[in-house]
Amino acid sequence: MKHAYWGSLLLFALCPSGSLAQAPDYAQLQSGYLSSKDYDKAIDAGVKGLAQDPANLGLAYNNLKASEGKKDAEGIRKWATESSRIARSIVQNAKNDDEGKRQADYARQVDVYTEYSLFAAATQSTAPADIINLFTALEQQNPKSQYLERAAGPYLHALQQGGRASEAGPAAERILVNNPDCDDALLIAADYSLSHKENAKAAEHAGKLVEVLNAQKKPDGVADADWEKQKNTKLGLAHWYAGIAYSAQSKFAEADKSLRQAVPLIEGNDQYLGVALFNLGLADYKLAKSGRNKALLQDALKFSQRAAGIKGPFQNQAAANVRVIRTEMGGRK
């Protein structure tokens with residue numbers, strides 16, 4: 001969304017030709033205060049004007065702009081919500097004539113802008129509580145907003161960092177209803193499903209995430225190296241979640257395929273690598289014992305040995321598996 005478009009909308013709101021509802025004294029005061037960046041007085045003038053004329057979209061919209069000027073997250077949430085409410089009322093009640101169509105078109109532009117305002121504030125904020133409140137307002141205002149997917153990552157992260165981690169999984173599932181290709185939501189949903197032993201669902205989310213990431217194109221303005229690093233980090237986790245979920249279901253061929261793709265992408269992250277190597281060794285051992293591929297027994301030993309060298313919850317069991325595999329191989333390393 002180009003800022004020039006929203007700039008033209010602001011000029012129209014400040015200097016409307018045949019405004020939607022006239023409150024000349026407060027509108028003029030508000031305009032002057034906005035021009036001089038006296039945002040508190042601009043909002044005060046808007047509040048007083050709206051007390052006289054509650055349907056004045058220009059006043060509510062300019063209060064939103066003043067709140068943006070102040071970088072006031074709560075003010076942005078409040079006035080974006082109020083501007084949207086007034087705008088939708090205007091659209092709903094507009095007459096079917098030229099003036100009514102003009103008013104409705106302007107109101108629709110303001111309504112879309114309120115979504116952008118909530119999104120921009122949410123993605124620029126560093127306070128988890130503000131991010132959560134802004135995203136929630138956006139989601140309630142329009143569950144299918146074009147900005148929801150782009151704000152989902154900061155929102156889900158804010159839940160995890162703001163002492164509300166238990167809400168992140170259900171929130172991700174909710175986001176996916178209207179935004180099924182949201183990679184951040186897919187990642188959180190896969191983790192949530194796996195932690196709740198919903199292994200088939202975890203594998204489904206992870207598989208979808210792999211598809212989404214492979215189809216993504218590098219955004220403009222992002223360096224190639226940064227994009228590859230970001231994409232590969234998520235791909236590694238996606239394959240990891242799929243592999244662990246398949247292993248939990250004893251789908252060892254699928255686990256082997258996913259985890260082999262995960263390992264090179266998660267090298268250096270021992271928290272995930274140790275678990276991946278343990279499950280990869282187990283999968284290859286099971287596949288070898290089933291007679292499907294005896295050569296995999298050597299791979300099972302190799303991966304189990306690596307897992308045994310990484311501190312973590314599976315280190316001791318991996319070492320035990322190494323002894324078993326060596327015994328079955330007749331003592332061969």
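The values are calculated or read from the model by the stated rules, or taken from the named source; none is laboratory data. Computed from a prediction, not measured in an experiment: that's the story for all the values here. Here the Cβ positions follow ideal geometry from the backbone for every residue, glycine too, while neighbour counts run over all protein chains shown. Please note that ligands, DNA and RNA were not included when accessible areas were found on the heavy atoms of the full protein model with its side chains. Shrake-Rupley method; radii C 1.70, N 1.55, O 1.52, S 1.80 Å.
Restricting the range 250-307 to residues that are over 19 Å from N199 (Cα atoms) and aromatic (F, W, Y) leaves a set whose member that is most open to solvent (accessible area, probe 1.4 Å) is Y285.
Of all residues in the range 297-333, those satisfying the criterion of being of a type in the set (A, V, I, L, M, F, W, C) and more than 22 Å from Y241 (Cα to Cα) are L297, L301, A319, A320, V322, V324, I325, M329. Residue count for the range 65-111 under the criterion of being open to solvent by less than 20 Å² (accessible area, probe 1.4 Å), more than 24 Å from the chain's Cα centre (by Cα) and not β-branched (V, I, T): the result is 8.
In the set (1) in a loop (DSSP other than H, G, I, E, B); (2) at pLDDT 95 or above; (3) not β-branched (V, I, T), the condition left unmet by A168 is number (1). I'd like the residue in the range 237-290 that is outside any helix (DSSP H, G or I) and of a type outside the set (V, I, T) and, out of all such residues, is nearest to the chain's Cα centre (by Cα). Checked the range 237-290; the qualifying residue nearest to the chain's Cα centre (by Cα) is N269. Taken residue by residue, the range 199-214 has no member that is buried (at least 21 other Cβ atoms within 10 Å of the Cβ), of a type outside the set (S, T, Y) and not in a helix (DSSP H, G or I).
On the given criteria, is K234 out of contact with any helix residue (DSSP H, G or I) (no Cβ under 6 Å at 6 or more places or on another chain), under 20 Å from Q271 (Cα atoms) and in a helix (DSSP H, G or I)? Taking the combined requirement at face value, the residue does not satisfy it.
Against the conditions (1) of a type in the set (K, R); (2) part of a helix (DSSP H, G or I); (3) over 35 Å from the mean Cα position of the chain (by Cα), R306 satisfies every one except (3). Just to verify a result, which residue in the range 125-137, among those that are assigned to a helix (DSSP H, G or I) and touching a residue at least 24 places away in the same chain (Cβ under 8 Å), is surrounded by the most Cβ atoms within 10 Å (Cβ to Cβ)? Across the range 125-137, the extreme among qualifying residues is L134. For the range 158-175, residues that are of a type outside the set (G, A, S), open to solvent by less than 20 Å² (accessible area, probe 1.4 Å) and more than 10 Å from the chain's Cα centre (by Cα) total 1.
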